[in-house]
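Have a look at the structure below before the remarks.
The values are calculated or read from the model by the stated rules, or taken from the named source; none is laboratory data. From a predicted model like this one, the values you see are computed outputs, not experimental measurements. Neighbour counts are summed over all protein chains in view; Cβ atoms, including those assigned to glycine, are modelled from backbone coordinates with ideal geometry.
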C-alpha cells in the first residue's frame, strides 16, 4: 500500500515538473520570438522600367486581419508591414494596396524572407474634350522672371538616365555584387558625363526615380565635387531600377542677362471657347487662380490639374499664386534597419543644416556645428519654425547667407554624420536651440536627413 502511494506521488510530481517545463518553454517561445516584417516597394506599372515611378502614401494591409496594422509607403515607395504573431513563414496571405489615384491591387504572396514588389495601375481621367473641336492659335504668352548672372554663368543643365538591371529574389551565394547584408544578388552600373572644354559641373546629384528604390544605393561618389567630367555608380538588389544624374553646367563669362515679362496674356484673333489645364504642385495646399482678377474655385482633379473651360478673348489675364509653408516629415530609412529621420521643406524647397567649407572650397570646416536632432512637431505643421527673408545677394556663390532661411528648434546629439542613429534621441530638459537652415542648393556640404528627438518622433 505504501509503495503504491509513493509511486503515485512520484508520478504526480513528474507530471507537475513536465507541465512546468512545457509552460516555461511555451512562455519563452511566445515572448522571445521576433515578429515577422514584410518589406517591399510600390511602383507605377509601366512596360518601360524607366517610367516605374515610386508611389508614396499607399496604404498596405493584409487580408483576414493577419497584419498588426496597415502600413503606408514613403516617398521612395518603400514600406514595412508587421505580421501578427502566430502567422508562420510560408503561410499564404493576400497583400492589399490602396491609393485614391490608383486601381486597388490584391497580391497573393507567401510569408517569408523576401522583398515584395507591387505595381499599381493609375486611374485614367475620362477625356472630356471633343475630338472635333477646331484648333485655336494661342499667342503672346509671356512669363515674368529675372536672372542676374555673375562671372560664373550657368549655361545649362546636364541630365543622364541610366539603369541598374537586376532580378528580384535571386540569392547571392557569394557572387559579387551582393546586397549590403550579402543575401541577394545585385546588379551595378555607372555613367559618365562630360561638360566640355572650359566648362565645369556644379551641384551634381543622383537619385533613383523608378523601380524598387528602397533596395538601391549609390555605390561610389565620383560626382559631388564637380569638374569637367563626373561619374556616378549605383547598385540595386531587387528588380531593375532607373537612376537620374543631374548637374548644372557653368562657364566663366563676363555678361549679364536679364529677362522680363508679364502675367500670362493670351492674344486671339477672335473669341474662342477651349479648356486650359494648370498643374497644382502637390506641396501647395491653398493655391489660387484668378482670371481677369476674378477668383476661380475649381478644385484639382486626381492628377493635380485644375481645368478651366470658358470663352476666352484677347487680353485675358490668368494669375496663379502658390503659397508656401514649412513642413516637417518623419520617415524611416529602409536600408538602415528603419532608422528614423526628419526632413524639412518650405514649399518645393528642401532645407538643410549648412556646413561651411574652407578656403579650398572642397573641404568642410571641421569646426562647423551640425550634430543636432530635430526637436519640433512632426505632424506636417510648421509649429516652432519661423521664416526669415532678406534681400537677394549681389553675387551668388554658394551663399550660406541665403535670402531665405528657416529657424528650427534643434537639440544637440552625438552622431558620426554617416549612419543615422537607430532610435530617436532622448529628450533633453534644456530648451531647444534655434538653428538656421538654408535651401539645399545654397551649401556644398549639408545635413538633409536629420536625427529626431523622442517627442518629435512620437508626434509623427
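Quick grid of which residues meet (1) touching a residue at least 60 places away in the same chain (Cβ under 8 Å); (2) farther than 29 Å from residue 114 by Cα; (3) outside the structural domain of residue 114 (by TED's automatic domain parsing):
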{"residue": "173", "(1), (2), (3)": "no, no, yes"}
{"residue": "182", "(1), (2), (3)": "no, no, yes"}
{"residue": "185", "(1), (2), (3)": "no, no, yes"}
{"residue": "196", "(1), (2), (3)": "no, yes, yes"}
{"residue": "203", "(1), (2), (3)": "yes, yes, yes"}
{"residue": "220", "(1), (2), (3)": "no, no, yes"}
{"residue": "231", "(1), (2), (3)": "no, yes, yes"}
Looking for something surrounded by 18 or more Cβ atoms within 10 Å (Cβ to Cβ) and at pLDDT 70 or above - is there at least one such residue anywhere in the stretch 258-269?
no
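Assess whether residue 419 counts as being in a strand (DSSP E or B), in contact (Cβ under 8 Å) with a residue 12 or more places away in the chain and in contact with a strand residue (DSSP E or B) (Cβ under 9 Å, 6 or more places away or on another chain).
No; evaluated as a whole, the condition is false for this residue.
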Where in the stretch 95-202 are the strands (runs of 3 or more DSSP E), entirely inside, with at least 2 residues that are under 30 Å from residue 308 (Cβ atoms), modelled with pLDDT of 90 or more and touching a strand residue (DSSP E or B) at 6+ places or on another chain (Cβ under 8 Å)?
102-110
Candidates 423, 418, 444, filtered to the one that is surrounded by 19 or more Cβ atoms within 10 Å (Cβ to Cβ) and either assigned by TED's automatic domain parsing to the domain that holds residue 354 or more than 17 Å from residue 371 (Cα to Cα) (or both):
444
Exactly one of (1) modelled with pLDDT of 85 or more; (2) outside any strand (DSSP E or B) is unmet by residue 315. Its number?
(1)
Kindly indicate whether any position in the stretch 336-359 is within 18 Å of residue 451 (Cβ to Cβ) and at pLDDT below 75.
yes
Take residue 89 and tell me if it is outside the structural domain of residue 167 (by TED's automatic domain parsing), loosely packed, with under 13 Cβ neighbours inside 10 Å and either out of contact with any helix residue (DSSP H, G or I) (no Cβ under 7 Å at 6 or more places or on another chain) or within 20 Å of residue 243 (Cβ to Cβ) (or both).
yes
